[in-house]
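Notes to accompany the following structure.
The values are calculated or read from the model by the stated rules, or taken from the named source; none is laboratory data. Everything numeric in this text was worked out from a predicted model, so none of it was measured. Cβ coordinates were reconstructed from backbone atoms using ideal geometry, including for glycine residues, and neighbour counts include every protein chain displayed. Surface accessibility is based on the protein's heavy atoms, side chains included, excluding ligands, DNA and RNA. Shrake-Rupley method; radii C 1.70, N 1.55, O 1.52, S 1.80 Å.
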Amino acid sequence: MADAHSLSALVEALRRLPGVGVKSAQRMAFHLLQHDREGAQHLSQALREAALNIRHCERCHTFTEAQVCATCLDPSRDITRLCVVETPADQSAVERTAAYKGLYFVLMGKLSPLDGIGPKDIGLQKLFERATDGNVREVILATNFTAEGEATAHVIGEGLRARGLHVTRLARGVPAGSELEYVDLGTIAHALVDRR
C-alpha cells in the first residue's frame, strides 16, 4: 500500500466532505474501487461538470448554471416577498414545503466574527440592494436558530428596517407531533415567548 498514491489522494479528497473522517473516507474509496468502478467514473464526471458549470445566480446568489436561476425567472413567484437563507440547502428545504411562493436571497454563510466572517463576506450589501429594488415589501429572515444565525438575522433585520422594509423572522417552537417532555427547554421557552 506504500505506493498507492492515487488511493491516498482519493481518501484525502473524500475527507473534505462534512462529517467524513479517515475511516469513512477509506470505506468509500475501497467500495468505489472494489465494487463500483463505473460509479466512481460517474461521480468523477459529475463533480468535474458541476465545478466547471455551476455558478451563483446574479439576483439571489444561489447555485445555477445560468446567469439567473429558474426561481428568479419564474413569473408565478411573488416578487414582493424575499426569503433570506444561509445556504442553497436551506433554500431547497423551504422549497420542499411548497408553502412559500416568493423569491430568495442566499447568503452562502452566516456572520461569525470568531471565524473572521463579517458582513462583506456574506454579501450583505448585495442583499440590501436586492431588498430595496422597489418590488420587495416583506423580507423573511430564515437563517438558522444558532447563535451565528440569530446574530446574522439581527444585523440584517436592523439594516433592512433602517431602509423602511417590513422584516419578519421565521417562527420557531415545539415541533408538530412531539411530546413536551422530550423537547429541549430552549425550544419550549421560545415557543412560550412567541406564542400566538
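Looking at the structure I just gave you, is Val183 open to solvent by less than 30 Å² (accessible area, probe 1.4 Å) and over 27 Å from Glu58 (Cβ atoms)? Talk me through it step by step, then tell me what you get.
Numbers: open to solvent by less than 30 Å² (accessible area, probe 1.4 Å): yes; over 27 Å from Glu58 (Cβ atoms): yes.
Yes, satisfied.
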Is at least one residue of the stretch 161-180 assigned to a helix (DSSP H, G or I), open to solvent by 70 Å² or more (accessible area, probe 1.4 Å) and closer than 21 Å to Gln91 by Cβ? no
Exactly one condition in (1) among the hydroxyl-bearing types (Ser, Thr, Tyr); (2) over 17 Å from the mean Cα position of the chain (by Cα); (3) surrounded by 15 or more Cβ atoms within 10 Å (Cβ to Cβ) is not met by Thr71; state its number. (2)
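Yes/no per residue for (1) under 25 Å from Gly159 (Cα atoms); (2) of a type in the set (Ser, Thr, Tyr); (3) surrounded by 13 or more Cβ atoms within 10 Å (Cβ to Cβ):
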| residue | (1), (2), (3) |
| --- | --- |
| Arg59 | yes, no, yes |
| Thr62 | yes, yes, yes |
| Arg81 | yes, no, yes |
| Ser92 | no, yes, no |
| Leu114 | yes, no, no |
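One line per residue, one yes/no per condition, for (1) assigned to a helix (DSSP H, G or I); (2) in contact (Cβ under 8 Å) with a residue 24 or more places away in the chain:
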residue: Ala50; (1), (2): yes, no
residue: Glu58; (1), (2): no, no
residue: Thr80; (1), (2): no, yes
residue: Ala89; (1), (2): yes, no
residue: Ala93; (1), (2): yes, no
residue: Ala99; (1), (2): no, no
residue: Tyr104; (1), (2): no, yes
residue: Met108; (1), (2): no, yes
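Could you say whether any residue in the stretch 60-77 is outside any helix (DSSP H, G or I) and touching a residue at least 60 places away in the same chain (Cβ under 8 Å)? Break it down into steps so the answer makes sense when it comes.
Applying the first criterion (outside any helix (DSSP H, G or I)) to the stretch 60-77 yields 60-69, 74-77.
So of that shortlist, the ones also touching a residue at least 60 places away in the same chain (Cβ under 8 Å) come out as 60-61.
Yes: the stretch 60-77 contains one or more residues that are outside any helix (DSSP H, G or I) and touching a residue at least 60 places away in the same chain (Cβ under 8 Å).
Quick one: which residue in Gly116, Gly109 is of a type in the set (Gly, Ala, Ser), touching a helix residue (DSSP H, G or I) at 6+ places or on another chain (Cβ under 6 Å) and more than 21 Å from Arg163 (Cβ to Cβ)? Can you show your working first?
Working: Gly116 fails: touching a helix residue (DSSP H, G or I) at 6+ places or on another chain (Cβ under 6 Å).
The conditions single out Gly109.
Could you please give the count of residues in the stretch 1-18 that are farther than 22 Å from Arg48 by Cα, among the small types (Gly, Ala, Ser) and open to solvent by 40 Å² or more (accessible area, probe 1.4 Å)? Walk me through it before giving the result.
Filtering the stretch 1-18 down to residues farther than 22 Å from Arg48 by Cα leaves 1-4.
From what's left, among the small types (Gly, Ala, Ser): 2, 4.
Narrowing further to those that are open to solvent by 40 Å² or more (accessible area, probe 1.4 Å): 2.
Residues flagged as farther than 22 Å from Arg48 by Cα, among the small types (Gly, Ala, Ser) and open to solvent by 40 Å² or more (accessible area, probe 1.4 Å) within the stretch 1-18 amount to 1.
Does Gln45 meet the test of being in a helix (DSSP H, G or I) and either within 30 Å of Ala66 (Cβ to Cβ) or open to solvent by 90 Å² or more (accessible area, probe 1.4 Å) (or both)? Lay out the reasoning, then the answer.
Working: in a helix (DSSP H, G or I): yes; either within 30 Å of Ala66 (Cβ to Cβ) or open to solvent by 90 Å² or more (accessible area, probe 1.4 Å) (or both): yes.
Yes, satisfied.
Look through the stretch 116-125, keep the residues that are in a helix (DSSP H, G or I) and open to solvent by less than 30 Å² (accessible area, probe 1.4 Å), and return whichever of them is farthest from Val139 (Cα to Cα).
Step one: filter the stretch 116-125 for residues in a helix (DSSP H, G or I), giving 119-122, 124-125.
Okay, now just the ones that are also open to solvent by less than 30 Å² (accessible area, probe 1.4 Å), so 122, 124.
Numbers: Ile122: 17, Leu124: 13 Å.
Applying the filter and picking the extreme gives Ile122.
Considering each residue of the stretch 94-112, count those that are of a type in the set (D, E, K, R) and either in contact with a Gly (Cβ under 6 Å, 6 or more places away or on another chain) or open to solvent by less than 20 Å² (accessible area, probe 1.4 Å) (or both), and give that number.
1
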Just to verify a result, which residue in the stretch 158-167, among those that are out of contact with any Ser or Thr (no Cβ under 9 Å at 6 or more places or on another chain) and among the small types (Gly, Ala, Ser), is nearest to Thr87 (Cα to Cα)? Gly159
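Would it be correct to say that Ala151 is out of contact with any Phe, Trp or Tyr (no Cβ under 8 Å at 6 or more places or on another chain) and surrounded by 12 or more Cβ atoms within 10 Å (Cβ to Cβ)? Please lay out each step first, then the result.
Values: out of contact with any Phe, Trp or Tyr (no Cβ under 8 Å at 6 or more places or on another chain): yes; surrounded by 12 or more Cβ atoms within 10 Å (Cβ to Cβ): yes.
Spelling it out, Ala151 is indeed out of contact with any Phe, Trp or Tyr (no Cβ under 8 Å at 6 or more places or on another chain) and surrounded by 12 or more Cβ atoms within 10 Å (Cβ to Cβ).
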Give the residue, chosen from Phe145, Phe128, that is aromatic (Phe, Trp, Tyr) and open to solvent by less than 70 Å² (accessible area, probe 1.4 Å). Phe128
